[in-house]
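Please treat every number below as a calculation from the coordinates, not as lab data. Model, not experiment: these values are computed from the prediction. Methodologically, a virtual Cβ is constructed for each residue, glycine included, from the backbone with ideal geometry; neighbour enumeration extends over all protein chains shown.
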Amino acid sequence: MRLDIAQYKVKAEPYYQPQGNEIALYEAAYQRRLPVMVKGPTGCGKSRFIEYMAWRLDRPLITVACNEDMTASDLVGRYLLDANGTRWVDGPLTIAARIGAICYLDEVVEARQDTTVVIHPLTDHRRTLPLDKKGEVVEAHEDFQLVISYNPGYQSLMKDLKQSTKQRFTAMTFDYPHPKLEAEILAKETGTELAVAEQLVKVAGTARNLKGHGLDEGISTRLLVYAASLIQAGIAPREAGRMALVEPITDDADIRATLHHAIDAVFGTE
C-alpha cells in the first residue's frame, strides 16, 4: 500500500520568530541529513520550530510524543490480528523512514532507554531501521531526518540520554525569547495589545527568577500565550494571570502568593 505523503505535510505556515541563526543551522543539518537534538525548557518553542522547519523545507513531519510506557514496537511497528489473520502495521518511525519524513521524537527522555536504542542505526552512516519481528531492514529514504527534543533542566539522572545516544546527534539549545521579542510573539499569536503582552512577559521574568528557588520550571511562552488568549476572551488580566501563569506551575502557597503579588504589581489590584 502506497502511503499518501501529503497527509503528513504541514498545511499552513506556522508562526515562528527566530531568536538567532537557528533556521540557517537547521537547514544546513537537513541538507546533510544530520540528526538533530533540540534542547530547551518546557514551552519555549522547540516543537513550533520543528513544525516551522518542516513547512519551510516542504517535508512531511511525523511527531511522536514520547512517554514512559512507549515500547520499541510503538515506534517501529507490530503484527496485528484481523479477520484475515495477522498483518504487519508500521509504526511512526518506520513510516517516516520509508517516505522520507522528518521524524520528531518529542521529549525523548520520557521513553525507556531500551526503546530509544532502536533509533541508533538511523543516526549513523547505516541509515537503516531493522524490523526484527518482521525480518526486514528498512533503508531510510534519502530525505529522512531524525529529530529529538528534551528539557535538560528538568531531567533526573534516571531520565537522561545516554552518551551513546547524545553523541549521535548535532544539537541546538533553545531558551525563552528575550522580553521584547517574546512580547511581540504574544501580540502576534493572540492579537492582544503589545502593552499587555509586555506586562505578561514582565510577570514571567519574576517567575523565571524563582527557578531552582521553589519552582522546578518558570512560566513558559506557551503559558503566556494562554494568559493572553484569556485576556482576549474578556477575562481580567489579574484573573487570567492567576489561572494561566500561577496555578499550573506550583501548588506551594508561598510561591503562589509571591507570584500573585507580582501580577498585582504589574496589573494593579483593581
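Worth a mention:
- Gyration tensor verdict on the range 55-103 (Cα atoms; rounded if a/c is under 1.5, prolate if a/b is larger than b/c, oblate otherwise): oblate
- Three principal axis lengths of the range 5-173 [C-alpha, angstrom, descending]: 53, 39, 30
- Expected 222 nm ellipticity per residue - DSSP helices of 4 or more, -39500 (n - 2.57), all of the chain, to 500: -11000 deg cm²/dmol
- With 5 Å bins beginning at zero, the pair-distance distribution over Cα atoms of the range 152-222 amounts to 3, 14, 19, 17, 14, 13, 10, 7, 3, 0 %.
- Cβ-Cβ FRET estimate between Lys211 and Leu34, R0 fixed at 35 Å, reported to 0.05: 0.65
- Rg/Rh for the range 179-267, where both radii come from Cα atoms and Rh is the Kirkwood radius: 0.94
- Among Met37, Met243, sorting on how many other beta-carbon atoms sit within 10 Å of each Cβ, with the fewest leading, yields Met243, Met37.
- Amide H within-cut-off set for Thr63, under 5 Å, with H built and near neighbours excluded: Tyr104
- Length gained when the stretch Asp114-Leu181 is fully extended (0.36 nm per residue, less Cα-Cα span): 20.1 nm
- Residues Asp90, Asp69, sorted so that the one with the fewest Cβ neighbours within 10 Å comes first: Asp69, Asp90
- Whole-number percent relative contact order across the range 179-267, with pairs defined as alpha carbons under 8 Å at least 6 apart: 29
- In percent, rounded to a whole number, the relative contact order of the chain is 19, using alpha-carbon pairs under 8 Å and six or more apart.
- Using the Cβ-Cβ distance between Arg222 and Arg56 with R0 set to 25 Å, the FRET efficiency works out to roughly 0.70.
- Two-site label geometry, Leu3 and Asp143: point separation in nm, points 7 Å out along Cα→Cβ: 1.2
- Sorting Ser149, Ser47 by the number of Cβ atoms found within 10 Å of their own Cβ, with the fewest placed first, yields Ser47, Ser149.
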